[in-house]
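Undergrad: Handing you this structure, nothing more for now.
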Amino acid sequence: QVQVVESGGGLVQPGGSLRLSCAASGSIFSIYNMGWYRQVPGKPRELLAFISGGGSTYYTDSVKGRFTISRDNAKNTVYLQMNSLKPDDTAVYYCYVDFQTRYWGQGTQVTVSS
C-alpha cells in the first residue's frame, strides 16, 4: 500500500510564494516520475510539472520561470516551489507518484488573492 500526502497549500497574496510538498510512503522503491497537476472547478486537471527519477524536468508553459519542481529521493518527496503567484494560479493542487502504477495525493488548496 502506498500513501501520498501533500502539504503546503494556503492563501497567499498576488506576487507571493508557496512551497508545496508531497511525500510518498509505504512499500515503495525506485519511484519513477513524480509530478504536480492542478484543477479548477469545471475544468479538466492540468499538468504543471514533473520530474523523472534521473532528475529531468518538464514544465507547462503557464508556469515556466515561476515554478520549480524538485525531489528528494531519500525521502520519497517531491516539492513545488511557486513564485510570482497570480490569481489564475488559484486551484486545488494534486501530486502524483509513479511506482508500478500512479498514486495520487488528496489535493491541497492554493488561493491567490489580495
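The values are calculated or read from the model by the stated rules, or taken from the named source; none is laboratory data. Just so it is clear, the structure is predicted and the values come from calculations on it, not from any experiment. Note that each Cβ is placed from the backbone with ideal geometry, even for glycine, and that neighbours are counted across all protein chains shown. Surface accessibility is based on the protein's heavy atoms, side chains included, excluding ligands, DNA and RNA. Shrake-Rupley method; radii C 1.70, N 1.55, O 1.52, S 1.80 Å.
Undergrad: In Å and from the alpha-carbon atoms only, list the Rg and Dmax of segment 69-114.
TA: 12.9, 42
Undergrad: What is the log10 of I(q)/I(0) for segment 29-95, computed with the Debye formula using one identical point scatterer on each Cα and no solvent, at q = 0.14, 0.19, 0.22, 0.24 Å⁻¹?
TA: -0.42, -0.73, -0.93, -1.07
Undergrad: I've got another one for you. Taking the Cα atoms of segment 17-63, report the difference between the largest and smallest coordinate on each principal axis, in whole Å and largest first.
TA: 35, 23, 23
Undergrad: Calculate, in nm to one decimal, what Lys64 and Ser52 gain on full extension: separation in residues at 0.36 nm each, minus their alpha carbon distance.
TA: 2.6 nm
Undergrad: What is the diffusion coefficient of the chain in µm²/s, taking the Kirkwood radius over Cα pairs and the Stokes-Einstein relation at 25 °C with a viscosity of 0.890 mPa s?
TA: Rounded, D is 175 µm²/s.
Undergrad: To continue, here is another question. State the percentage of accessible surface on segment 26-114 attributable to carbon and sulfur atoms; use a 1.4 Å probe and exclude ligands, DNA and RNA.
TA: 48
Undergrad: Considering only protein heavy atoms, what per residue accessible area in square angstrom results for the chain with a 1.4 angstrom probe?
TA: 52
Undergrad: So how do 4-16, 91-103 stack up, highest first, on mean other-Cβ count within 10 Å?
TA: So the peptides 4-16, 91-103, ranked by packing, come out 91-103, 4-16.
Undergrad: Using protein chains only and a probe of 1.4 angstrom, how many square angstrom of Ser114 are accessible, to the nearest 10?
TA: 130
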